[in-house]
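J.: First the structure, then my questions, so here it is.
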Amino acid sequence: MEQPRLITDSFPLRRRRRPGRAPGTRKGKGKGTGTGTGTGTGTGTGYPQVPAAEEPPGSGPDRSVLEMLRSFDLAWEYGPCTGITRLQRWERAQELGLSPPDTVRDALLKHQDDPSVIYNLWHEYEL
């Protein structure tokens, strides 16, 4: 009796490179083994280590604000968020009597020139 054929017999498996990782490195392997002389955290790729840059005060929202806005995007009780800005979504929810958080509106008005605050998580994806 003949053995059943596998789909990989006709179409060999091709592994794709993941962006952001040097070839030959694995997740969790080689951390801190870089050959650079910097003081930052190493990736184990042999490139010089670069210290993390600190943002100047007032340059943008802090992580807690971005996390709050992300949770607002993921909260479906305020309606869909694709195709509109976060402030438009907040105002629509307010008009519908859904009581969106005032802290979200305050953050949106405070950082109204920052694209990472204005647009929702899925802004860069096509509809």
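J.: Taking the range 96-127, which residues are among the aliphatic types (A, V, I, L, M), surrounded by 12 or more Cβ atoms within 10 Å (Cβ to Cβ) and part of a helix (DSSP H, G or I)?
T.: V104, A107, L108, V117, I118
J.: Mind checking whether some residue in the range 27-50 is of a type in the set (A, V, I, L, M), surrounded by fewer than 15 Cβ atoms within 10 Å (Cβ to Cβ) and at pLDDT below 60?
T.: Yes, the range 27-50 has at least one match.
J.: Could you please give the count of residues in the range 71-90 that are in a helix (DSSP H, G or I), of a type in the set (S, T, Y) and in contact (Cβ under 8 Å) with a residue 12 or more places away in the chain?
T.: Number satisfying all stated conditions: 1.
J.: Restrict the check to the range 61-70 and report whether at least one residue is exposed (fewer than 10 other Cβ atoms within 10 Å of the Cβ), at pLDDT below 75, within 21 Å of the chain's Cα centre (by Cα) and not acidic (D, E).
T.: Checking the range 61-70: not a single residue is exposed (fewer than 10 other Cβ atoms within 10 Å of the Cβ), at pLDDT below 75, within 21 Å of the chain's Cα centre (by Cα) and not acidic (D, E).
J.: Does A93 qualify as being surrounded by 15 or more Cβ atoms within 10 Å (Cβ to Cβ), touching a helix residue (DSSP H, G or I) at 6+ places or on another chain (Cβ under 6 Å), without any contact (Cβ under 8 Å) to a residue 40 or more places away in the chain and among the small types (G, A, S)?
T.: Considered against the rule, which asks whether it is surrounded by 15 or more Cβ atoms within 10 Å (Cβ to Cβ), touching a helix residue (DSSP H, G or I) at 6+ places or on another chain (Cβ under 6 Å), without any contact (Cβ under 8 Å) to a residue 40 or more places away in the chain and among the small types (G, A, S), A93 comes out as yes.
The values are calculated or read from the model by the stated rules, or taken from the named source; none is laboratory data. Here the structure is a predicted model, which means the values were calculated and not measured. Quick reminder, even Gly has a Cβ in these numbers, built from the backbone with ideal geometry, and neighbours come from all protein chains shown.
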